[in-house]
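*Asks:* This is the structure I want to talk about, given as structure tokens.
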Ligand SMILES: [Zn+2]
């Protein structure tokens, strides 16, 4: 590994790919660390999901100027998030409304075996996918949940991508009542 001691700016080195302004090597280290931390303590899940979301939004911003539909966003997801070739991924189910993304081979990328900790440990990735998909589609209601995970003892991880249904909130119903 070569040191770049002269490099003080995040943008002065163009030696490798960048993801949302983060060097690919830093991004990979962050992804690995996030999984380790969540394995260690469930308290890390929510903040790391948020960090993933911000990174995903940043990647989306540098990807396109115009919003794309969900289909196009799903096609761009894995390469845009730097996972192409790093993990094996395919959509178990996919249509214009929702999708189920399966990812295998994470263990090889991580270089260690994810223990069965009885919780999903890929919150960073779920947030990353959600931030990216919301960003490139311009849809705020897209949600990504990890429904299967190595951390749950499954053989692969699965991410369910769907639109959050608008809740019927009674909060301001009185303003909606019209006298007829
Ligand atoms: Zn997982």
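No value in this document is a laboratory result; all are computed from the given coordinates. This one's a predicted model, so the numbers in the text were calculated from it and none came from an experiment. Cβ: placed from backbone, ideal geometry, glycine included. Neighbour counts: every protein chain shown.
*Asks:* Using the beta-carbon distance between residue 36 and residue 84 and R0 = 22 Å, what value does 1/(1 + (r/R0)^6) give for FRET efficiency, to the nearest 0.05?
*Replies:* Approximately 0.45, to the nearest 0.05.
*Asks:* For residue 98 and residue 118, what is the calculated FRET efficiency with R₀ set at 35 Å and r taken between the beta-carbons, to the nearest 0.05?
*Replies:* My answer for the efficiency is 0.85.
*Asks:* Next up: Would you mind putting 108-118, 68-78, 123-133 in packing order, based on average other-beta-carbon counts within 10 Å, highest first? Intermediate results must be reported in sequence, preceding the final value.
*Replies:* Working: 108-118: 12.9, 68-78: 18.2, 123-133: 27.2.
Peptide ranking by packing, descending: 123-133, 68-78, 108-118.
*Asks:* Continuing with the same structure: Give me the extension gain from residue 65 to residue 165: residue separation times 0.36 nm, minus the current Cα-Cα distance, reported in nm with one decimal.
*Replies:* Length gained between residue 65 and residue 165: 33.3 nm.
*Asks:* Over every pair of different alpha-carbon atoms in the stretch 67-139, take the mean of 1/r and invert it; report that Kirkwood radius in Å. Working shown, then result.
*Replies:* On the way: mean 1/r = 0.0750 Å⁻¹.
That comes to 13.3 Å for the stretch 67-139.
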